[in-house]
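Structure first, then comments.
The values are calculated or read from the model by the stated rules, or taken from the named source; none is laboratory data. Note that the coordinates shown come from a computational prediction; the quantities given were computed from them, not determined experimentally. Please note: Cβ atoms are built from the backbone with ideal geometry, for glycine as well, and neighbour counts cover all protein chains shown.
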Amino acid sequence: MGSNRALILSLYRKMLRESRKFDSYIYREYAWRRIREAFRQNMNETNEQKIRTLIEDAQNNLQIIQRQTLIGSLYPSKKLVVEDPEINTDKLNHPEDDHRQKQRNNFETANR
């Protein structure tokens, strides 16, 4: 069981590390959440046969994640607003927001 524990922890870390390579925020967060849920769900498993099956499944899923991140890197997508800190948020405001801000500035200047 001790060697299984080391192997399982190694697989867990590798899968989390690989999932962070997804270019898409949505896939990245989904994979991260799904990996953590699956490992937590099976954390207390004691049946050796079931553990071996889970390890094989995890190894297969790791290979799938590695392939998908490679494919995703070949076809990059635009970053979402939540993941790109360099997006100028001024461009995201409604045009009326600029008008309201100018009115506030004029009001503050007039009342000084």
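When Thr109 is tested against (1) under 27 Å from the mean Cα position of the chain (by Cα); (2) β-branched (Val, Ile, Thr); (3) modelled with pLDDT under 90, just one condition goes unmet, and that condition is (1). Output the residue which, of all residues in the stretch 26-84 that are basic (Lys, Arg) and surrounded by 14 or more Cβ atoms within 10 Å (Cβ to Cβ), is nearest to Leu7 (Cα to Cα). Only one residue fits best here, namely Arg36.
The selection criterion, being without any contact (Cβ under 8 Å) to a residue 24 or more places away in the chain and closer than 30 Å to Leu80 by Cα, holds for Arg40.
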